[in-house]
1. Quick one: in the range 26-55, which of the residues that are of a type in the set (D, E, K, R) and either touching a strand residue (DSSP E or B) at 6+ places or on another chain (Cβ under 8 Å) or modelled with pLDDT of 90 or more (or both) is surrounded by the most Cβ atoms within 10 Å (Cβ to Cβ)?
2. Assess whether residue 67 counts as being open to solvent by 100 Å² or more (accessible area, probe 1.4 Å), under 15 Å from the mean Cα position of the chain (by Cα) and of a type in the set (A, V, I, L, M, F, W, C).
3. Is it the case that residue 58 is open to solvent by less than 70 Å² (accessible area, probe 1.4 Å) and of a type in the set (Asp, Glu)?
4. State all residues of the range 11-28 that are outside any loop (DSSP other than H, G, I, E, B), of a type outside the set (Ser, Thr, Tyr) and more than 25 Å from residue 1 (Cβ to Cβ); if no residue qualifies, say none.
5. Scan the range 12-25 for residues that are closer than 19 Å to residue 37 by Cα and either in contact (Cβ under 8 Å) with a residue 40 or more places away in the chain or open to solvent by 70 Å² or more (accessible area, probe 1.4 Å) (or both) and jot them down.
6. Within the range 36-69, which residues are under 17 Å from residue 2 (Cβ atoms) and in a helix (DSSP H, G or I)?
Amino acid sequence: MAIFNRSHYEDVLVVRVHDLVPRAVWSQRYDQINEFEKELVESQTHILKFYLHISKKEQLKRFEDRLDDP
């Protein structure tokens, strides 16, 4: 079992939403993610994706807690 954190996907989302890189760049990243997942499936790997949502209030609380815990 392997767990990928959000960074692989977030890299595409954040740069697209905030218009940080040209379309050609984030579009290529989508292609790379799709190719990676295709290779996993072809090697009999099962992919499960989960979206875990927490409220903005909870996110802020967790962020503030981390500020106090070096």
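1. Checked the range 26-55; the qualifying residue surrounded by the most Cβ atoms within 10 Å (Cβ to Cβ) is 29.
2. no
3. Criteria met by residue 58.
4. Within the range 11-28, 14, 15, 16, 17, 23, 24, 25, 26, 28 meet the criteria.
5. Result: 13, single match.
6. Those that are under 17 Å from residue 2 (Cβ atoms) and in a helix (DSSP H, G or I): 36, 37, 38, 39, 40, 41, 42.
The values are calculated or read from the model by the stated rules, or taken from the named source; none is laboratory data. Fair warning: this is a prediction, and the values are worked out from it, not measured in the lab. Glycine gets a Cβ as well: all are built from the backbone with ideal geometry, and neighbour counts include every protein chain shown. For accessibility, only protein heavy atoms count, side chains too; no ligands or nucleic acids. Shrake-Rupley method; radii C 1.70, N 1.55, O 1.52, S 1.80 Å.
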